[in-house]
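Values in this text are rule-based calculations from the coordinates and carry no lab data. Keep in mind it's a predicted model, so treat the numbers as computed, not measured. For neighbour counting, all protein chains shown are included, and Cβ atoms are generated from backbone atoms with ideal geometry for every residue, glycine included.
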Amino acid sequence: MHATHAFPRLARRRSALWLTVCALVVAAVALAAPSGATATTPAAAPTAAAAQEPVTVVASDFEDGTTQGWSARGGETVAASTEVAHGGTGSLAVTGRTGTWQGPALSVGDLLTLGTSYDVSVWVRLADGTAGDTVRLSAERHVDGQASYHTLGSAQATAGGWVELTGEYTPTAAAEYVGLYVETASVTADFFVDDALVSYQPDPPIQTDIPSLRDAVTGFPVGAGVEPSHLYGSRGDLLAKHYESLTTGNALKWDATQPTEGTFRFTDADAIVDFATEHGMAVRGHTLVWHNQTPSWVFTDANGDPMTPTAENKALLLDRLETHIRTVMGEYAGRVEVWDVVNEVIDESQSDGMRRSPWFQIAGLDYIRTAFRVAHEVDPDARLFINDYNTNVPAKRDALFDLVSQLRAEGVPIHGVGHQMHVNVEWPSVAETETMLQTFAPLGLEQQITEMDVSIYTSSGESFPTPPEERLRAQAEQYRAMFQLFDRYADQITSVTLWGVTDTDSWLNGSRADAPLLFDREFQAKEAFWAVVDPDWPNGPGEPTGDCAVRYQVVGSWSGGFEGRVTVTNTSAEPVDGWSLRWTFGAGQRVTQGWNAELSQSVDVVTAENASWNGQLAAGGSRAFGFLASWTDANPAPETFTLNGVSCTTA
Ligand code: 9MR
């Protein structure tokens with residue numbers, strides 16, 4: 001819109017500097033210690049690639065007349081062959097098979113790093129004269145003596161032709177054995193394999209010389225919702241540097257912990273809790289009771305049919321609930337200090353405000369009462385939360401408030417309300433979010449922000465191949481405004497958790513890519529990060545404001561409305577050609593009209609752009625404009641103003 005900006009975009013300049021620094025670090029790391037150089041493969045030394053190039057950990061070409069570490073899974077014969085080859089003159093022949101599962105296997109457990117995503121590929125050829133068949137590439141894992149099998153890729157093979165099998169494998173927990181193998185679906189004919197490759201794309205290194213969230217945000221601990229695969233590599237480095245609390249993303253949900261009745265699994269949750277303990281972090285346990293990710297056996301009656309609301313089924317369901325909570329919470333008593341005991345129980349469209357989940361339909365409010373009572377018995381020191389989304393929306397907020405008030409009055413041990421805060425760059429307003437916090441304040445409970453992310457999308461129809469810069473800026477402003485609000489309520493807010501680590505990990509990536517978190521896909525701090533940690537944002541750290549000065553006056557005020565006058569002065573030595581002044585209203589004020597500038601407002605953020613006749617702002621010169629706006633309870637002056645993206649001093 002404006003041809004030139006005399007005011008430098010300092011924040012962007014800083015990003016360019018970071019990129020340069022990172023490029024140098026990457027180069028240095030690549031020279032000093034090539035990634036993957038310590039891994040060995042049975043066939044050949046791994047390819048020590050430059051950073052960001054894929055690193056190969058297995059390359060089996062069978063050109064040396066050996067099996068290069070591949071062996072039979074059981075009974076068949078696996079041998080080097082020169083009968084046929086995909087590349088070169090050698091391959092691996094598999095003969096003497098009597099079962100479809102028989103095929104060549106390679107032990108790779110020692111070559112793989114937990115949390116790394118490996119690309120796996122191999123070429124397969126069925127012996128001449130064989131009927132076509134599906135061939136499969138799979139991984140076999142042994143954990144605690146139990147084998148599990150995962151198909152990584154499959155393809156239709158015809159006799160005499162080579163077909164490539166490809167797949168992806170990410171080890172997320174320690175195993176006694178991990179093997180890759182090839183098998184067929186139906187035939188037991190001989191086959192050949194060749195040119196097996198296992199490689200990974202190394203993570204870019206994290207920025208180590210930027211502030212830590214944990215140091216910069218002092219009002220409350222900042223946490224992240226994580227999966228076991230996030231604990232390694234650069235994600236693990238980001239967690240260790242920045243976060244003070246971890247929430248189990250999926251690892252403590254019912255389907256993960258008790259997939260079948262009486263069989264409990266803690267492998268994934270153990271990985272997260274152990275990491276948190278090692279790094280001195282708190283843990284939020286998410287979640288004991290939910291309508292999603294709960295196996296169907298939980299709601300199956302004694303005859304194996306879906307439960308109907310009878311007294312007998314209610315007793316059975318509450319009994320299962322009690323066993324589940326006693327076992328899962330008991331496992332982590334003393335180590336997980338906050339639990340989302342129940343999750344998303346509100347449906348504000350119901351007359352009683354309660355979600356019609358199977359829990360509610362069979363047990364009414366007693367499932368919530370039982371869950372909190374049992375949780376409190378298991379770990380009396382744990383703080384017990386009721387967690388929900390859209391708690392800023394008045395109808396939902398009020399339904400949740402009514403429920404919590406009622407249950408607290410009954411003596412149900414609810415200690416806190418969790419606001420998920422899955423929001424976007426425009427919604428909700430700071431004022432609505434503040435009302436949300438104020439609503440629950442009289443209950444005297446803790447409040448936590450439990451799953452925050454700020455989507456770059458404002459409607460379902462949008463889709464951006466890469467996040468537009470203005471959305472990333474708006475996102476930074478939303479994060480900053482929300483964190484400033486949380487800071488004002490730091491006496492009640494006992495933690496703020498973001499739902500993921502980098503933009504790659506977000507649950508919001510589906511049919512369109514989103515970018516809702518503080519770190520980008522390259523593990524680098526985004527504008528939003530600086531907006532949260534840097535008091536001088538959008539200027540650089542420590543860089544003074546003052547290339548512009550703003551005078552903001554309320555020149556007239558009446559019930560519901562006021563008139564504002566703003567004077568902006570260019571205090572730099574350079575003229576400005578085209579200006580855009582921005583501020584955020586903190587109490588829901590809304591501009592209704594303006595003069596001597598073009599004013600627009602998006603939720604709380606007001607943008608005033610020069611009119612066609614006053615875009616020139618000489619060095620030392622000033623421009624003034626006015627506006628009318630509405631207000632309700634209070635009308636505080638905005639705290640910060642930016643001119644063409646750079647903070648101004650206020651007079
Ligand atoms: O982040 C979770 C994602 O990996 C799961 O696929 C999804 C399944 O329901 O649950 C996500 O987390 C949800 C959380 O448990 C409760 N609030 C909404 C979150 C986003 O869906």
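Near residue 241, which lysines are there with a Cα under 26 Å away, not counting those fewer than 8 places off in the same chain?
526
Express in whole angstrom the spacing between the alpha-carbon centres of segment 343-360 and segment 452-484.
Taking the Cα centre of segment 452-484 as reference, the centre of segment 343-360 is 30 Å away.
Name the long-range amide H neighbours of residue 464: under 5 Å, sequence gap of 5 or more, or other chain; modelled H, no Pro or chain starts.
513
So what's the net charge close to residue 476: Lys and Arg +1, Asp and Glu -1, counting the other residues with Cβ under 9 Å from its Cβ?
+1
Starting from the 7 Å offset along Cα-to-Cβ, what nm value, one decimal, do you get for the label separation of residue 155 and residue 460?
3.9 nm
Please report the equivalent ellipsoid semi-axes of segment 286-388, computed as sqrt(5 x eigenvalue) of the Cα gyration tensor, largest first, in whole Å.
Output for segment 286-388: semi-axes of 23, 17, 11 Å.
Given R₀ = 45 Å, FRET efficiency for residue 266-residue 470 by Cβ-Cβ distance, to 0.05? Mind dumping the intermediate values first?
Working: r = 45 Å, r/R0 = 1.00.
It comes out at approximately 0.50.
What full-extension length gain, to one decimal in nm, is calculated for residue 146 and residue 110 as 0.36 nm per residue of separation minus the Cα-Cα distance?
11.1 nm
How much length is gained on full extension from residue 490 to residue 504, taking 0.36 nm per residue of separation minus their Cα-Cα distance?
Full extension of this stretch gives 2.1 nm more.
Using a cut-off of 17 Å between alpha-carbon atoms, which aspartates and glutamates can reach residue 253, once sequence neighbours fewer than 8 places away in the same chain are excluded?
Filter leaves 227, 261, 268, 270, 322, 331, 337, 340, 344, 388, 451.
Relative to the longest principal Cα axis of the chain, at what angle does helix 394-410 sit, 0 to 90 degrees, rounded to 10?
The helix 394-410 is inclined about 80 degrees to the chain.
Explain nothing, just compute: Karplus ³J(HN,Hα) = 6.51 cos²θ - 1.76 cosθ + 1.60, θ = phi - 60°, for every residue of segment 526-534 in order, whole Hz, x for Gly and Pro.
For segment 526-534, the Karplus curve yields 8, 3, 4, 4, 5, 5, 7, 8, 10 Hz.
Quick check on the exposure proxy: order 220, 372 from fewest to most C-beta atoms within 10 angstrom.
The most exposed by this proxy come first: 220, 372.
Give me a comma-separated list of calculated 3J(HN,Hα) values for segment 571-584, in order, Karplus coefficients 6.51, -1.76, 1.60 applied at θ = phi - 60°, integers in Hz, x for any Gly or Pro.
With coefficients 6.51, -1.76 and 1.60, one gets 8, 8, 8, 10, x, 10, 10, x, 10, 9, 10, 10, 8, 10 Hz.
Using unit Cβ charges (K, R positive; D, E negative) and no other charged atoms, how large, in debye to the nearest 20, is the dipole of the chain about its Cα centre?
Approximately 1360 debye in magnitude.
What do you get for the angle between helix 469-488 and the principal long axis of the chain? Use alpha-carbon atoms, 0 to 90 degrees, nearest ten.
Helix 469-488 sits at roughly 70 degrees to that axis.
Quick one: angle between helix 267-278 and the longest Cα principal axis of the chain, in degrees between 0 and 90, rounded to 10, please.
Result, in degrees: 50.
For residue 319 and residue 600, calculate 0.36 nm times their separation in residues minus their Cα-Cα distance, and state this gained length in nm to one decimal.
95.4 nm
Would you tally the net charge around residue 595, using a Cβ to Cβ cut-off of less than 15 Å, leaving residue 595 out, and scoring K and R as +1, D and E as -1? Could you put the intermediate results ahead of the total?
Numbers: positive: 565, 623; negative: 563, 598, 609.
Overall, the nearby charge balance is -1.
Give me the distance between the Cα centres of segment 602-635 and segment 273-330, rounded to whole Å.
For segment 602-635 versus segment 273-330, the Cα centre distance is 55 Å.
Could you work out the pair-distance distribution P(r) of segment 38-187 from its alpha-carbon pairs, with 10 angstrom bin width and percents rounded to whole numbers?
Per 10 Å bin, starting at 0, the Cα pair percentages come out as 11, 40, 36, 12, 1.
Please name whichever of 258, 330, 277 sits farthest to the positive end of the charge dipole of segment 217-358, dipole taken about the Cα centre and charges placed at Cβ: Lys and Arg +1, Asp and Glu -1.
Positive-end residue among those listed: 277.
So for the pair residue 614, residue 174, with labels modelled 7 Å out along Cα→Cβ, what separation do we get in nm?
About 6.9 nm, to one decimal.
Towards the positive end of the charge dipole of the chain, with charges on Cβ (+1 Lys, Arg; -1 Asp, Glu), say which of 137, 219, 420 has the farthest Cα.
219
Amide H to amide H, which residues 5 or more places from residue 576 or on other chains are under 5 Å from it, using H placed in the peptide plane?
Sorted by chain and number, the residues that satisfy this are 617, 618, 619.
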